[in-house]
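The structure appears right after this line, and notes come after that.
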Amino acid sequence: MNNDIISPENLVYEKPALMNDTAMHYCAGCSHGVVHKLVAEVIAEMGMEDKAVGISPVGCAVFAYRYIDIDWQEAPHGRAPALATGVKRLWPDRLVFTYQGDGDLACIGTAEAIHALNRGEHITIIFINNAIYGMTGGQMAPTTLLGQKTATCPYGREPDLHGYPLNLTDLASRLDGTCYVTRQSVETVGAIQKAKKAIRKAFEASMKGLGSSLVEIVSTCNSGWKMSPVDANKWMQENMFKQYPKGDLKDTTQG
């Protein structure tokens, strides 16, 4: 073996130090694994390994605590922001964040999310939006697009019957308690780099006590969408980004 290939100056990729060796249960092509890696990297780079507390949801990421070697608490369905509020108020020196899917956050936990953000709790909510209930069989979610087919709207979402997609991130940007609200994705190297910077900014804002932060990651669910990972990324780019355009929606962290 050529030692130059693995020399430190040539190293371009490695497993984050905080990622456990446990094999992930996520489907091939799922966005969760990428976002987990970014969260682990940012926490380590901030030197917050011993002061980070993650709140895991009910949904595909229910076992997030198996993969990132920090302190975790498990919340009832949708209640992660309420639990995070209690943790942060008890331990204000901790880096506290929730990790939630669109069903957990934007449906079952709508009230908890909105009120925690509106109160300006010094936490970060990481919001994985794949427009479907991935874990329980591919049912329609609040974020499902108009015309999108799911297990519970097999002919496509109709506004008169099912209502309109809920854009929780836009709502969060209008709340007085939020200081940083952004929407990113992780389907390309460039997108991954931007998502990592967004997570870092949100974590730093929470530690500075500037208010609440929401980082939405527009994601794929190729299993639930019944597509290959490549086709799912293409479909997301052509359809999801129109409903959920990427970029910062609010940033008062420099003000």
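Kindly report the accessible area of segment 26-251 per residue (heavy atoms of protein chains, probe 1.4 Å, no ligands, DNA or RNA), in Å².
41 Å²
Please list the helices of the chain that count as membrane-span-like by this rule: a mean Kyte-Doolittle hydropathy of at least -1.0 together with Cα atoms stretching 20 Å or more along the helix axis, each helix being a complete DSSP H run.
Helices passing the filter in the chain: 32-46, 189-207.
Label points 7 Å out from Cα along the Cβ direction at ARG89 and GLU158: separation in nm?
4.5 nm
Determine, from the Cβ-Cβ distance of PHE63 and PHE241 and an R0 of 30 Å, the FRET efficiency 1/(1 + (r/R0)^6), rounded to the nearest 0.05.
With R0 = 30 Å, the Cβ-Cβ based efficiency is 0.55.
With unit charges on the beta carbons (Lys and Arg positive, Asp and Glu negative) and the dipole taken about the Cα centre of the chain, which residue among CYS30, SER228, LEU105 sits farthest to the positive side?
The residue sitting farthest along the positive end of the dipole is LEU105.
Compute the length gained on full extension between THR22 and GLN193: take 0.36 nm times their separation in residues and subtract their Cα-Cα distance, giving the result in nm to one decimal.
Full extension of this stretch gives 59.1 nm more.
Straight-line reach from LYS250: which lysines fall under 21 Å, measuring Cα to Cα and dropping same-chain residues less than 8 apart?
Once the sequence-local lysines are set aside, what remains near LYS250 is LYS194, LYS196, LYS197, LYS201, LYS208, LYS242.
How many angstrom lie between the C-alpha centres of segment 200-225 and segment 142-169?
Computed from Cα coordinates, the inter-centre distance equals 23 Å.
At 1.4 Å probe size, with the rest of the protein present, what percent of the exposed accessible area of the chain is carbon and sulfur atoms?
Carbon-and-sulfur percentage of accessible area, whole number: 54.
Over all directions, what mean area does the Cα convex hull of segment 166-214 project, stated in square nanometres?
Working: hull surface 14.0 nm².
So the Cα hull casts an average projection of 3.5 nm².
Just order 98-107, 65-74 by mean Cβ neighbour count inside 10 Å, highest at the front, would you?
Ranked from most to least packed, the peptides come out as 98-107, 65-74.
For segment 26-251, restrict the atom set to alpha-carbon positions and state the Rg and Dmax in Å.
Cα radius of gyration and Dmax of segment 26-251 are 16.2, 50 Å respectively.
Of the peptides 50-59, 143-152, how do they stack up when ordered by the mean number of other Cβ atoms within 10 Å, highest first?
Going from most to least packed, we get 50-59, 143-152.
Order 188-194, 239-245 from most to least packed using the mean count of other Cβ atoms within 10 Å.
Working: 188-194: 13.4, 239-245: 15.6.
With the highest mean Cβ count within 10 Å placed first, the list reads 239-245, 188-194.
The values are calculated or read from the model by the stated rules, or taken from the named source; none is laboratory data. Note that the structure is a prediction, hence the values are computed from the model and not measured. Cβ atoms come from the backbone with ideal geometry, glycine included; neighbour counts cover every protein chain shown. SASA here: full protein model, heavy atoms, side chains in, ligands and nucleic acids out. Shrake-Rupley method; radii C 1.70, N 1.55, O 1.52, S 1.80 Å.
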